[in-house]
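Quick notes on the structure that follows.
Read the figures in this text as sums done on the coordinates, not as results from a lab. Everything numeric in this text was worked out from a predicted model, so none of it was measured. Positions of Cβ are generated from backbone atoms using ideal geometry, with glycine treated the same way; all protein chains shown enter the neighbour counts.
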Amino acid sequence: MRVGFIGLGNMGSGMAANLLKAGHEVTAFNRTSSKAEPLVKQGARYAAQIVDACQGDAVMTMLSDDQAVESVVFGDVGIASSLHKGAVHISISTISVALSQKLTAAHADRGQRFVAAPVFGRPEAAAAAKLFVAAAGADDAMDACLPLFESFAQRTFRFGSHPPDANLVKLSGNFLISSVIEALGEALALVGKAGLDQHQYVDFLTSTLFAAPVYKTYGALIADKKFTPAGFAVPLGLKDNRLVLAAAETLRVPMPLASLIYNRFLALLAHGGESLDWSAISQLAAEDAGQQKKSA
């Protein structure tokens, strides 16, 4: 397929590279043009402006937040005004349910198709084509997108025809991940203050009842205190918890734990944690326990 790719950050660069490896024709755009250079060397075309990335069968956006997505879609000569009728905008970004609803309506009004397809997995999974896709959109659009998803994901889960549903799944999933991080931080602060070896403790957990990848990945990061470079930075964790709380308010679903974790991210930012991985909120429990603050 001929696909445009907009947003070549930690996640997007690996995904776009895998699209190329799978034989798709990729036209890449990034606000910082130098980030497109490695892809161009691998065979991608460079898009000097957004409209250049909207001339194929689909365009994918992997951007940091609602504001970035809105500016790319609705800005002058943006996706909405440039994408051909029948072509698909695939939003991989973690965005609000409200913005997904707006995008669904806007593309339908223009005769374009829209699929929400946020992904689960860190940058190393994106590079290794091991992501999981949570997707929603009209059946014909979803069917057209599957070869693209297969390029960078080990499995695609379809959540029906209403794109915002996929965004709600993604936000709820990220809430669960941040809950695991907070719980691991508290448990490791407890055993650490008692003098137990935290690495041994994580090995015990992940070899028994907590063998899930999320415990293995974040248990190791927390025990190693390896919070740089950030695979998923603290401001993004704060943003995602804010968005899940907004969705919960709309649906009138109390989420007290999400509120607690939101404040954990805010506290870490207040202490200068802007560039750290979001797993660094785990260290707030250690500080609360009177243990020395450590980071890597």
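State, to one decimal in nm, how far the label point of SER259 lies from the label point of VAL191, with both points 7 Å from Cα in the Cβ direction.
Taking the two extended label points, one gets 3.2 nm.
Taking only the alpha-carbon atoms of the range 2-161, what semi-axes of the equivalent ellipsoid follow from 5 times the gyration tensor eigenvalues under a square root, in whole Å, largest first?
Ellipsoid half-lengths, sorted descending, are 21, 18, 14 Å.
According to the Cα gyration tensor, what semi-axes, each the square root of 5 times an eigenvalue, does the equivalent ellipsoid of the chain have, listed from largest to smallest in whole Å?
36, 20, 17
Using the Karplus curve 6.51 cos²θ - 1.76 cosθ + 1.60 with θ = phi - 60°, what ³J(HN,Hα) values do you get for each residue of the range 119-125, in whole Hz, with x for Gly and Pro?
With the stated coefficients, the range 119-125 comes to 10, 10, x, 8, x, 5, 6 Hz.
Report Rg(Cα)/(2.2 N^0.38 Å) for the range 126-200, keeping two decimals.
Ratio of Cα Rg to 2.2 N^0.38 Å: 1.61.
Report the per residue volume, in Å³, of the convex hull enclosing the C-alpha atoms of the range 218-296.
Enclosed volume per residue, from the Cα hull, is 89 Å³.
Take every DSSP beta bridge with both residues inside the chain and express the antiparallel ones as a percent of the total, to the nearest 5.
Around 15 percent antiparallel, to the nearest 5.
Reachable lysines from LYS225, Cα under 25 Å, same-chain residues fewer than 8 places away excluded?
Hits, sequence-local ones excluded: LYS130, LYS193, LYS216, LYS239, LYS293, LYS294.
Provide the gained length on full extension for the span PHE157 to VAL77, in nm with one decimal, where the gain is 0.36 nm per separating residue minus the Cα-Cα distance.
Using 0.36 nm per residue and subtracting the Cα-Cα distance, I get 25.6 nm.
How are the alpha carbon pair distances in the range 77-207 distributed across 10 Å bins from zero to the largest one, expressed in percent?
Each 10 Å bin holds this share of Cα pairs: 12, 33, 26, 14, 9, 4, 0.
Mean Kyte-Doolittle hydropathy of 1.0 or higher plus an axial Cα length of 15 Å or more: which whole DSSP H helices in the chain meet both?
Qualifying helices: 256-270.
Among GLN154, GLN42, GLN101, whose mean-square fluctuation peaks in a Gaussian network model of the chain (Cα, cutoff 10 Å)?
Fluctuation is largest for GLN42.
Report ³J(HN,Hα) in whole Hz for each residue of the range 44-57, in order, from the Karplus equation J = 6.51 cos²θ - 1.76 cosθ + 1.60 where θ = phi - 60°; Gly and Pro get x.
6, 8, 9, 9, 6, 8, 4, 4, 5, 8, 10, 9, x, 7
Using only DSSP helix segments of four residues or longer, with each worth -39500 (n - 2.57), what per-residue ellipticity at 222 nm results for the chain after dividing by its residue count and rounding to 500?
-16000 deg cm²/dmol
Largest first, please: the extent of the C-alpha atoms of the range 167-288 along each principal axis, to the nearest Å.
Cα extents, longest axis first: 44, 33, 24 Å.
Could you work out the relative contact order of the chain, using alpha carbon pairs under 8 angstrom and six or more residues apart, expressed as a whole percent?
Across the chain, relative contact order equals 14 percent.
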